[in-house]
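Trainee: I have a structure I would like to understand better, so I am pasting it below and will then ask my questions one at a time.
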Amino acid sequence: MAQKPKWVVGKERERRAAANATVWLFGLHAVRDALENPMRERLRLVVTRNAADRLGDAVARSGLEPEIADPRRFPVPLDPGSVHQGAALEAKPLDWGRLEDVADPGGARPPRLVLLDRVTDPHNVGAILRSAEVFGARAVVAPSRHAAPETGALAKSASGALERQPYLRVGNLGDAMERLRAMGYETVGMDGEAPETLDEAAPQVADRPVALVLGAEGPGLRERTRALCDRMVRIDPAGAFGSLNVSNAAAVALHALRR
């Protein structure tokens, strides 16, 4: 029998690892929202008595039997600096389905997506998910590698938005951009040196589906990502100098594109 190529074996190993992957969510807000999310497959709930009282009916409705823990010896594999507030939930990562289904341009208003190129800080991604929810973006999309995975730190930074706002991971961001362009999306990249301002571009794309593309602070967008952007825009500061981190830039851009 012929042996499978190494790349096939590698792909199969990745699929098995993904199927077995779990994430520990922590903090009262993140745990409560996950307990109340019918899409979330929940496995194990560890709480102190105080946290169980504060979570209240959310625990009972979840159907999970909580493990009551001593707050001085909290038996959960979290980073030492994690502020868990006496509550942690082991769960499966959320499955939001196919990009083409989530990004379907049908609907009363042209959809907006946020695409992240190598944004690895979970706190930034969590904040972007919150802004995406507030400003009505259809989804936040990032590559499977070199991006912030779904973790407890990301969930806590998202303050519940992770349970409601689709966060899709794709194999290749450039390929995803090409698929979105074929669906009628205008891909709008953000760059502080771009020739066009966000305020100039927003009215021109108001009636079109838009995929807003942001890169990591410092390196910015990769070459192929930039080449696949239909236009590049910048946020003009009020003064001669000034810059925003990626999560603040996403919020400003989503607000401008919503007007």
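The values are calculated or read from the model by the stated rules, or taken from the named source; none is laboratory data. The structure presented is a predicted model; accordingly, all values stated were derived computationally and were not measured. When we count neighbours, we look across all protein chains shown, and the Cβ atoms used for this are built from the backbone with ideal geometry, even at glycine. Side chains included, ligands, DNA and RNA excluded: accessible areas come from the protein's heavy atoms. Shrake-Rupley method; radii C 1.70, N 1.55, O 1.52, S 1.80 Å.
Trainee: Would you mind putting 173-185, 226-238 in packing order, based on average other-beta-carbon counts within 10 Å, highest first?
Mentor: Sorting 173-185, 226-238 by mean packing, highest first, produces 173-185, 226-238.
Trainee: Kindly state, as a whole number, the per residue volume in cubic angstrom of the convex hull around the alpha carbon atoms of the stretch 14-97.
Mentor: 102
Trainee: From the phi of every residue in the stretch 49-65, what ³J(HN,Hα) in whole Hz does the Karplus formula 6.51 cos²θ - 1.76 cosθ + 1.60 yield, where θ is phi - 60° and glycine or proline is x?
Mentor: 4, 5, 5, 4, 5, 6, 6, x, 5, 4, 5, 4, 5, 6, x, 8, 8
Trainee: Fully extended, how many nm does the chain gain between D57 and D95 (0.36 nm per residue separation, minus their Cα-Cα distance)?
Mentor: 11.1 nm
Trainee: How many angstrom lie between the C-alpha centres of the stretch 159-174 and the stretch 45-110?
Mentor: 16
Trainee: Moving on to the next point. For the stretch 73-200, list log₁₀ I(q)/I(0) at each q in 0.09, 0.10 Å⁻¹, using the Debye formula over Cα point scatterers of equal strength and ignoring solvent, two decimals each.
Mentor: Normalising to I(0) and taking log10 leaves -0.30, -0.37.
Trainee: Relative to the longest principal axis of the chain, what angle (0 to 90°, nearest 10) does the C-alpha long axis of helix 6-20 take?
Mentor: Value to nearest ten degrees: 50.
Trainee: Search the structure for amide H atoms under 5 Å from the amide H of V213, placed 1.01 Å from N in the peptide plane, and list their residues when 5 or more places away or on another chain.
Mentor: L115, V188, G189, M190
Trainee: Using a 1.4 Å probe, how large is the accessible area of T225, given in Å² and rounded to the nearest 10?
Mentor: Approximately 10 Å² of T225 is accessible to the 1.4 Å probe.
Trainee: I'd like the FRET efficiency for D236 and R181, computed as 1/(1 + (r/R0)^6) with the beta carbon distance as r and R0 of 30 Å, rounded to 0.05.
Mentor: Calculated transfer efficiency: 0.70.
Trainee: Here's something else I'd like to know. May I ask you to give the percent of accessible area on the stretch 78-189 that is carbon plus sulfur, with a probe radius of 1.4 Å?
Mentor: Ligands and nucleic acids excluded, carbon and sulfur give 48 percent.
Trainee: In square nanometres, what is the average projected area of the Cα convex hull of the chain?
Mentor: Seen from a random direction, the Cα hull of the chain projects 17.9 nm² on average.
Trainee: Roughly what angle does helix 173-182 make with the longest principal axis of the chain, taking Cα atoms, 0 to 90 degrees, to the nearest 10?
Mentor: The two axes meet at around 60 degrees.
Trainee: Moving on. Starting from the Cα gyration tensor of the stretch 64-118, take the square roots of the eigenvalues, sort them a ≥ b ≥ c, and report rounded, prolate or oblate (rounded when a/c is under 1.5, otherwise prolate if a/b is larger than b/c, else oblate).
Mentor: prolate
Trainee: For the stretch 168-232, what class follows from the C-alpha gyration tensor (a ≥ b ≥ c being the square roots of its eigenvalues): rounded when a/c is under 1.5, otherwise prolate if a/b is larger than b/c, else oblate?
Mentor: Cα axes put the stretch 168-232 in the oblate bin.
Trainee: What's the angle, to the nearest 10 degrees (0 to 90), between helix 122-134's Cα axis and the longest principal axis of the chain?
Mentor: In the chain, helix 122-134 runs at an angle near 70 degrees to the longest axis.
Trainee: Looking at the square roots a ≥ b ≥ c of the eigenvalues of the Cα gyration tensor of the stretch 116-180, which shape do they give, rounded for a/c under 1.5, prolate if a/b is larger than b/c, or oblate?
Mentor: It comes out oblate by the Cα gyration axes.
Trainee: Label R164 and E193 with points 7 Å out from Cα along Cα→Cβ: what is the distance between them in nm?
Mentor: Calculated label separation equals 4.0 nm.
Trainee: Work out, step by step, the length gained on full extension between H255 and E67: first 0.36 nm times the residue separation, then minus their alpha carbon distance; give nm to one decimal.
Mentor: Extending this stretch completely gives an extra 63.4 nm.
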